[in-house]
Amino acid sequence: MDYGMLCAQARSLGEAEGWFVALMANASALLWEALPDINWAGFYIIRGDKLTLGPFHGKAACISIPKEKGVCGAACRENRTMLVPDVHKFPGHIACDSASNAEIVIPLRDEAGEVKAVLDIDSPLLNRFTGEDRLGLEAFAHEIERAMKGL
Ligand code: SME
């Protein structure tokens, strides 16, 4: 997986348009095309005490996630990446698509370090995401958060 190329694509997306909806829509399309063995890639946006569904690729998903629930809620509360090799072992995991077996959720922060959104990628394969994927996807998320405007 060429994360250098993926990050360069994210950077040029951000240079073209920083409005968070357009940026997240194209970012999820990029991930969907580039990453093998995934069944969902998209964003949840913090709105008050919950996370609301943002732009994504994949099957229709839960619209609203309380901050105290799910892998997305944990990434947001703890302000850190959650790499989950087996979602069935993660207490409180929300199964939007029964095909999902592993996932990674990465927080997107503002300049003050506050979490504004999360990037969520799901896979039907157990242990799908490695440490290398984590570093590559964190760098990708960083390109998006640096460019995002209006959130
Ligand atoms: N994975 C999430 C729910 C959202 S769907 O996967 C799209 C979670 O447990 O936080």
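The values are calculated or read from the model by the stated rules, or taken from the named source; none is laboratory data. In this text the structure is predicted, and so the values were computed from the model without any measurement. Here Cβ is always computed from backbone atoms with ideal geometry, including for glycine, and neighbour counts include all displayed protein chains. Calculation scope for accessible area: heavy atoms of the full protein, side chains included, ligands and nucleic acids excluded. Shrake-Rupley method; radii C 1.70, N 1.55, O 1.52, S 1.80 Å.
Observations
- In the set (1) open to solvent by 40 Å² or more (accessible area, probe 1.4 Å); (2) in contact with a Phe, Trp or Tyr (Cβ under 7 Å, 6 or more places away or on another chain); (3) part of a loop (DSSP other than H, G, I, E, B), H57 fails one condition alone, (3).
- Unmet criterion (only one of (1) within 11 Å of the ligand (Cβ to nearest atom); (2) small (G, A, S); (3) in contact (Cβ under 8 Å) with a residue 24 or more places away in the chain) for A141: (1)
- Residues satisfying the stated conditions in region 96-114, i.e. under 15 Å from L126 (Cα atoms) and open to solvent by 10 Å² or more (accessible area, probe 1.4 Å): D97, S98, A99, N101
- Scanning region 70-95 for residues that are near the ligand (Cβ under 10 Å from one of its atoms) and buried (at least 17 other Cβ atoms within 10 Å of the Cβ) yields a count of 11.
- Count of residues meeting criterion [of a type in the set (A, V, I, L, M) and open to solvent by 20 Å² or more (accessible area, probe 1.4 Å)] in region 1-44: 12
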